[in-house]
């Protein structure tokens with residue numbers, strides 16, 4: 001009977017050991033599944049972040065492209081405005097000019113001119129002389145008499161004129 005009890009006890013211990021092993025195996029299986037799920041979720045988050053990053057890069061590239069197009073358009077517009085107003089200024093200055101006695105035709109000089117936002121001349125400087133002092137002085141006087149000069153509505157173009165610009169004064173060439 002002791003033997004039977006001992007065998008029963010051993011069977012019971014083996015069954016308990018087997019249950020413990022099964023519990024451990026089940027716990028390990030659950031742990032691995034949870035780890036795999038976490039890895040999969042992490043991978044999905046990473047892929048979503050990469051998608052978002054790629055989309056943001058695409059958006060940024062498109063914005064940069066559109067900004068570059070707008071800048072080129074604006075630059076062309078500003079250039080046309082500058083050319084148009086330069087001609088208008090030269091015409092207004094030429095109308096204010098009085099040819100000095102004893103000056104030949106075909107003379108020209110280059111002036112640096114600064115104006116205010118309203119077109120009032122604030123500075124005139126001869127950069128390149130015609131070689132004829134009377135002619136150069138008459139050009140400066142004509143610029144002052146023509147003040148206020150026309151100012152473009154385009155703020156970028158107006159700012160360039162306000163910062164100072166070169167003006168080739170060649171009244172016989174107009």
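Can you give the Rg/Rh ratio of segment 82-136, where Rg is from the C-alpha atoms and Rh is the Kirkwood radius?
Taking Rh as the inverse mean 1/r over Cα pairs, Rg/Rh reads 0.98.
Pairing the Cα long axis of helix 2-96 with the longest principal axis of the chain, what angle in degrees results, from 0 to 90 and rounded to the nearest 10?
So the inclination is approximately 10 degrees.
Binning at 5 angstrom from zero up to the longest distance, how are the C-alpha pair distances of the chain distributed in percent?
2, 7, 10, 10, 8, 6, 4, 4, 4, 3, 3, 3, 3, 3, 3, 3, 3, 3, 3, 2, 2, 2, 2, 2, 2, 1, 1, 1, 0, 0
So which residue, out of 117, 34, 139, gets the largest mean-square fluctuation from a GNM of the chain using Cα contacts under 10 Å as springs?
Fluctuation is largest for 34.
Quick one: what does P(r) look like for segment 94-174 with 10 Å bins over all Cα pairs, in whole %?
19, 50, 25, 5, 0
Just from its helices, what would the mean residue ellipticity at 222 nm be for the chain, if runs of 4 or more DSSP H residues each count -39500 (n - 2.57) and the sum is divided by every residue, rounded to the nearest 500 deg cm²/dmol?
Value at 222 nm, helices only: -25000 deg cm²/dmol.
Taken together, the values in this text are just the output of simple stated rules run on the coordinates, not laboratory data. As the structure is a computational prediction, the values presented were derived from the model and not from experiment.
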